[in-house]
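Below is one structure, written out as structure tokens; comments come after it.
The values are calculated or read from the model by the stated rules, or taken from the named source; none is laboratory data. Treat the numbers as computed from the prediction; the structure is a model and nothing was measured. Note that each Cβ is placed from the backbone with ideal geometry, even for glycine, and that neighbours are counted across all protein chains shown. Heads up: the accessible areas ignore ligands, DNA and RNA and are worked out on the full protein's heavy atoms, side chains in. Shrake-Rupley method; radii C 1.70, N 1.55, O 1.52, S 1.80 Å.
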Amino acid sequence: MVVEVDIRRTFSHWAERAGVDERIFYERWSEDEAYRAHETGKLSFTEYTAALTETLGVSMSHTEWHKGWNEVFVGPYPGVQQKLVELTGTLPLFAFTNTNPTHEAAWRRRYAQALDHFDEIYVSSTIGLRKPDQEAFEHVASAMQLEPEEILFLDDNPENVRGAKASGLTPVLTRGEAEVLAALAGFADRLGH
């Protein structure tokens, strides 16, 4: 919940470049098995777009699939950036993201300064595990050298929040910048920061 994303931007780009109705993507795209395999490093972007071509019934160049895929990023939440600056050095700050190498390359390049406040960023396609699986949370908690109950976990996906809770973390469902800021402020206040 540091960088805002909007899948509608991806769908709009793809529809324009492929010359198809945007509704195709809303009706046919999903976080299916190929998507999950891509996010755990089991499918390359080329393999994933081949699966998309088949699933969606839409074809376009690799370049346009790639450009559209990275259109998902809106940008960092300014208030969250400021809060991370305030918390740097007072609390350990970690991120755990379900993502793929194509997206990772884009956000690491575009938002390097915004992400610089994290001690570590755990990436599903690198560790081979993704939220909401318990094994993923256990892996990340161990790597952070923290007990699960010591971790405040913020996510905008209810399934990930349920997975975090089942894994012993303290999860908060956050839908946008204001809720992220409220959760971070509340946690920092409880710890006296």
Query raised in the report: How large is the dipole of the chain about the Cα centre if only Lys and Arg carry +1 and Asp and Glu carry -1, each at its Cβ, rounded to the nearest 20 debye?
Result: 320 debye
Report task. Could you work out how far helix 177-190 tilts from the main Cα principal axis of the chain, as a 0 to 90 degree angle to the nearest 10? Result -> 20 degrees
Query raised in the report: What does the charge count near Asp32 come to, summing +1 for each Lys or Arg and -1 for each Asp or Glu among other residues with Cβ under 14 Å from its Cβ?
Result: -2
Requested in this report: Return the distance in nm (one decimal) between the two label points of a simple spin-label model at Ala166 and Glu54, each offset 7 Å from Cα along Cα→Cβ.
Outcome: 2.8 nm
Report summary line: Taking a crude spin-label model, label points 7 Å out from Cα along the C-beta direction, the Glu64 to Ile7 distance in nm is 2.1 nm
Requested in this report: Evaluate E = 1/(1 + (r/R0)^6) for Ile24 and Val85, where r is the Cβ-Cβ distance and R0 equals 35 Å; express this FRET efficiency to the nearest 0.05.
Outcome: 0.25
**Report entry** Accessible surface, per residue, of the chain when the full set of protein chains is kept, probe 1.4 Å, Å²
**Finding:** 52 Å²
Query raised in the report: Which listed residue (Gly75, Tyr26, Thr10) has the Cα farthest towards the positive end of the charge dipole for the stretch 5-108, taking +1 on Lys and Arg C-beta and -1 on Asp and Glu C-beta about the Cα centre?
Result: Gly75
Query raised in the report: For the chain, what is the mean residue ellipticity at 222 nm derived from helices alone (per DSSP H run of n ≥ 4: -39500 (n - 2.57); sum divided by total residues; nearest 500 deg cm²/dmol)?
Result: -15500 deg cm²/dmol
**Report entry** Residue among Trp107, Pro171, His62 farthest towards the positive dipole end of the chain, charges placed on Cβ
**Finding:** His62
Report task. Provide the net charge surrounding Ile127, with neighbours chosen by a C-beta distance below 15 Å and charges set as Lys +1, Arg +1, Asp -1, Glu -1. Result -> -2
Query raised in the report: Where the accessible area of the stretch 80-143 is counted over protein heavy atoms with a 1.4 Å probe, how much of it, in %, is carbon and sulfur?
Result: 47 percent
